[in-house]
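Any read-out appearing in this document is the output of simple, stated calculations on the displayed coordinates, not a laboratory observation. As the structure is a prediction and not an experimental result, all values here were calculated from the model. Cβ: placed from backbone, ideal geometry, glycine included. Neighbour counts: every protein chain shown.
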Amino acid sequence: MIKLLIPAVMMLTWPVAVALAGPGAAGHSHAHGHAHAAFSAGEPGDAGKPAREIKVVMREDGRKMLFEPSSISVRRGEQIRFVISNDGLLNHEFVLATVAENRKHAQMMKKHPHMEHDDPNAKQVPPYITQEILWRFTKSGQFEFACLVPGHLEAGMIGTVVVK
């Protein structure tokens, strides 16, 4: 296994780290961390402030994969505690971003399928496990939550958050 040591001051994102580590590093399971100045859908929440809880269930249904609910409405400035449960038999992810960002990241996931997410806006959730994301929506618009495990988005594992 190749161990990748990157000084914190470099704040490299995954694609740059993979490029520097060489082609063999991408085949191993790595936690995925981003050094974002800002997130498109808002910002990580503040645990000291109140939050509305929204439960999201991930599961498979025959050849389809889905989130329940698949559509969520929130107010701009509202803090949400997403309680994300995987009731399926496969690993799934919850990645909150714009449609364009998720499509770009989905392409990267096809090249690096063992990439794991544990970011403020993304969690990998193994079967029968529950994870949480605390998020404050600071921008109005339509955002997406999706499972970027290769094939899952294509199987319907996608949802929307409308921020008014």
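The table below lists the values:
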quantity	calculated
Inter-part distance where region 32-108 and region 118-164 are each reduced to a Cα centre, Å	2 Å
Full-stretch length increase - Gln142, Val57 - with 0.36 nm per residue and alpha-carbon distance subtracted	28.6 nm
Protection proxy ranking, peptides 41-49, 154-162, 142-150, 85-93, average beta carbon neighbours within 10 Å, highest first	142-150, 85-93, 154-162, 41-49
Added length on full extension, which subtracts the Cα-Cα distance from 0.36 nm per residue, Val83 to Lys111	7.2 nm
